[in-house]
Amino acid sequence: MADSTTVHSPLRRAAWRLRRRARKRLRKRARALRRRAYRALRIPPDLYKMYALPGRGPYHRRRWGQLVRTAPAIGVEEHVAKVGRRKIEEVTGCHLCGERRVQPLFHRRNPKGGKWNYWVVRCPRCSLLYRSPAVRPEKLHVLYRKKYSRFLTGHYSGTRQERYRMVMDAFDPVFRDGAGRRVLDHGCGTGLFLDVAEERGFEPYGVDLSPDSIDRARERPSGRHAHFGHPLDVPEIAAGGFDVVTLWSVLAHLARPVDDLRMLRGLLADDGVMLILTVNAASLQLKAHREHWGGFTKNHLAVYSPQTLKLLLRLAGFEAVVFRPWYGEAFERGRIPLWPRQARRVRRNVEHGNQGNMMRAVAFADRDAPRRWGIDGAEPLA
């Protein structure tokens, strides 16, 4: 006679799979109904509530200020001794100012229950937020999933290309016409931005450390100058003279940001510009969600605010920078149904210290370049 466990286990597994599918369908329907209700009643989505609802912005700013004021500053060696260090990690001070003291803020864990986790600390001198212990530069590949190019395609591609166009348009007329200009996309991935650059007339170049991503990029007509490796190891890129260098969600991944941006500054022409989009350490979402903020990902090593980004750009040799507040694609495209008063409150909270969830900026190698381009809001760095 067969074991009852053996007989019934396939049935149990099938029943479990059916229940799981049913729960997924119910959750999907519930989310759709909630979105419809939000749109009908003009209730702000969760990611916009701290910007749109009255009193939320000042409340989260006060709570964040209290956290920063009360977090003790200790030596980085003492901090690492308390929290431990993995084989891929090392003990370092602040990436910008070299300060050896840190303010431990919170312990970031994988929201999906995976193994990765790390401590987020603040530099008490320059206020940079970064991961400590840090990851050794030669071990960065451990943080990236296999076949990383799969993540950079599909639905991601359409939304990202829309984002690229929106960011470039915010600095009009700098990126309106690329005729006769060369652009280098540092960390080009599968070449999504190379398509956008070419459609605007730029001659696009790309470089990335993911070989399968570069293989995908070279399948595009715009990817004929996509290269695997470090920029200085590729002769046609190392020759420099680029009019534009772009960093699309790359800055937070750099283990040696000052050295890397100084190198990229050297690849620019004398009147070249660098376009940066990165997560924002001044974000009101960060202040509200803290260790649960989506900007603290597995492979982000440091996150910058407008103040720490200006310091980084000055150390790298740039002379001026222009910021544009980030309201989010959905808000800027008018896809979020808000009451006029809510929309005004979103703008006020974002513009109060540039507290959008992302940060977009253009750095200029020449201090007078913003005036020549006719772009306002330039801040000198030298």
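The values are calculated or read from the model by the stated rules, or taken from the named source; none is laboratory data. All values reported here derive from a predicted model rather than from experimental measurement. Note that we place each Cβ from the backbone using ideal geometry, even for glycine, and neighbour counts take in every protein chain shown. Just so you know, the surface numbers come from the protein's heavy atoms only, side chains and all, with ligands and any DNA or RNA stripped out. Shrake-Rupley method; radii C 1.70, N 1.55, O 1.52, S 1.80 Å.
Being modelled with pLDDT under 95, in contact with a helix residue (DSSP H, G or I) (Cβ under 8 Å, 6 or more places away or on another chain), open to solvent by less than 30 Å² (accessible area, probe 1.4 Å) and of a type in the set (Val, Ile, Thr): is that true of Val135 here?
Details: modelled with pLDDT under 95: yes; in contact with a helix residue (DSSP H, G or I) (Cβ under 8 Å, 6 or more places away or on another chain): yes; open to solvent by less than 30 Å² (accessible area, probe 1.4 Å): yes; of a type in the set (Val, Ile, Thr): yes.
Yes; evaluated as a whole, the condition is true for this residue.
Among the residues of the range 58-68, is any touching a residue at least 12 places away in the same chain (Cβ under 8 Å) and more than 22 Å from His300 (Cβ to Cβ)?
Let us first name the residues in the range 58-68 that are touching a residue at least 12 places away in the same chain (Cβ under 8 Å), namely 60-61, 63-64, 67-68.
Then keep just the ones that are more than 22 Å from His300 (Cβ to Cβ); that gives 61, 63.
Checked against the condition, which is being touching a residue at least 12 places away in the same chain (Cβ under 8 Å) and more than 22 Å from His300 (Cβ to Cβ), the range 58-68 yields at least one hit.
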Pair list, Cβ < 6 Å and 6+ apart or interchain, from the range 218-241 residues that are without any contact (Cβ under 8 Å) to a residue 40 or more places away in the chain to residues that are of a type in the set (Val, Ile, Thr): Ala226/Ile214; His227/Val207; His227/Val234; Phe228/Ile214
Name the pairs: first residue in the range 148-171 and under 20 Å from Ser213 (Cα atoms) and modelled with pLDDT under 90, second residue surrounded by fewer than 15 Cβ atoms within 10 Å (Cβ to Cβ) and of a type in the set (Lys, Arg), Cβ to Cβ under 9 Å, at least 6 apart or on different chains? Phe151/Arg145
Identify all residues within the range 258-310 that are of a type in the set (Gly, Ala, Ser) and assigned to a helix (DSSP H, G or I); write none if there are none. Gly266, Ala288
Only one residue in Glu99, Glu78 is touching a residue at least 12 places away in the same chain (Cβ under 8 Å) and charged (D, E, K, R), so which one is that? Glu99
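Can you name every residue in the range 363-376 that is open to solvent by less than 50 Å² (accessible area, probe 1.4 Å), part of a loop (DSSP other than H, G, I, E, B) and either among the small types (Gly, Ala, Ser) or within 21 Å of Leu315 (Cβ to Cβ) (or both)? Write out each step before concluding.
Residues of the range 363-376 open to solvent by less than 50 Å² (accessible area, probe 1.4 Å): 363-366, 369-370, 375.
Cutting the leftovers down to part of a loop (DSSP other than H, G, I, E, B) gives us 365-366, 375.
Ala365, Asp366, listed by residue number.
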Every listed condition ((1) in contact (Cβ under 8 Å) with a residue 60 or more places away in the chain; (2) surrounded by fewer than 17 Cβ atoms within 10 Å (Cβ to Cβ)) holds for Ile276 save (2)
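Run down Val120, Val80 and say which single residue is assigned to a strand (DSSP E or B), open to solvent by less than 30 Å² (accessible area, probe 1.4 Å) and modelled with pLDDT of 95 or more.
Values: Val80 fails: assigned to a strand (DSSP E or B).
The unique qualifying residue is Val120.
Here are Leu267, Leu286, Leu301, Leu315: which of them is more than 19 Å from Asp366 (Cα to Cα), surrounded by fewer than 23 Cβ atoms within 10 Å (Cβ to Cβ) and of a type in the set (A, V, I, L, M)?
Numbers: Leu267 fails: more than 19 Å from Asp366 (Cα to Cα); Leu286 fails: surrounded by fewer than 23 Cβ atoms within 10 Å (Cβ to Cβ); Leu315 fails: more than 19 Å from Asp366 (Cα to Cα).
Only one candidate qualifies: Leu301.
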Select the helices (runs of 4 or more DSSP H) contained entirely in the range 156-257, then report the ones holding at least 3 residues which are open to solvent by less than 30 Å² (accessible area, probe 1.4 Å). 192-199, 211-217
Here the residues within the range 333-345 that are exposed (fewer than 15 other Cβ atoms within 10 Å of the Cβ) and within 18 Å of Gln285 (Cα to Cα) are Arg344
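Going through the range 311-336 one residue at a time, which ones are modelled with pLDDT under 95, among the aliphatic types (A, V, I, L, M) and either in a loop (DSSP other than H, G, I, E, B) or closer than 22 Å to Met274 by Cβ (or both)? Quick ask: steps written out before the conclusion?
Let us first name the residues in the range 311-336 that are modelled with pLDDT under 95, namely 328-336.
From what's left, among the aliphatic types (A, V, I, L, M): 330, 336.
Across the range 311-336, the qualifying residue is only Ile336.
Which count do you get for residues in the range 346-362 that are over 24 Å from Val250 (Cα atoms), in contact with a Phe, Trp or Tyr (Cβ under 8 Å, 6 or more places away or on another chain) and either charged (D, E, K, R) or open to solvent by 10 Å² or more (accessible area, probe 1.4 Å) (or both)? Steps first, answer last, please.
From the range 346-362, those over 24 Å from Val250 (Cα atoms) are 346-349, 352; that's our starting set.
Those still in the list that are in contact with a Phe, Trp or Tyr (Cβ under 8 Å, 6 or more places away or on another chain) too: 346-347, 349.
In the following step, the residues that additionally are either charged (D, E, K, R) or open to solvent by 10 Å² or more (accessible area, probe 1.4 Å) (or both) were identified as 347, 349.
Looking only at that region, the number is 2.
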When residues of the range 50-77 are filtered for being closer than 14 Å to Val121 by Cα and outside any helix (DSSP H, G or I), how many remain? 5
